[in-house]
Amino acid sequence: MKIATNSELAQRKPRWIDFDAGQLVSTEISMLDLLKQFLDKLAAVVSGEATRNESNNIRELAIWKNGVTL
C-alpha cells in the first residue's frame, strides 16, 4: 500500500497512490478524521480490496523505501 505525504503527488499519480496522508497539512481535515479514513482504507485492503499496484499488476515490493522507486 503506497501512502503519500505529498498531496500534490497523490493528485498527479492517482494510479500509484493508495492513500493521501498529506491531507493533514493541505486541507482542514483533523488528525482524528484522517486517522479514521486511513484505518478504513487499511481495513478494506486487509479484507481483500486491491491496492493500486495490484490493480496495475505490479508485484514488486519495497519495504520502508524513501524517495522514488524506479
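Could you list, in sequence order, all residues of segment 18-36 that are open to solvent by 40 Å² or more (accessible area, probe 1.4 Å) and either over 22 Å from ARG52 (Cβ atoms) or among the β-branched types (Val, Ile, Thr) (or both)? Result: VAL25, THR27, GLU28, SER30, MET31, LEU32, ASP33. For segment 3-39, taking the residues that are among the acidic types (Asp, Glu) and at pLDDT 95 or above, the one that is nearest to ASN56 (Cα to Cα) is identified as ASP18.
The values are calculated or read from the model by the stated rules, or taken from the named source; none is laboratory data. The model shown is predicted, which means the values in this text are computed figures rather than measured ones. Don't worry about glycine lacking a Cβ; one is built from the backbone with ideal geometry, like all the others, and counts go over all protein chains shown. Please note that ligands, DNA and RNA were not included when accessible areas were found on the heavy atoms of the full protein model with its side chains. Shrake-Rupley method; radii C 1.70, N 1.55, O 1.52, S 1.80 Å.
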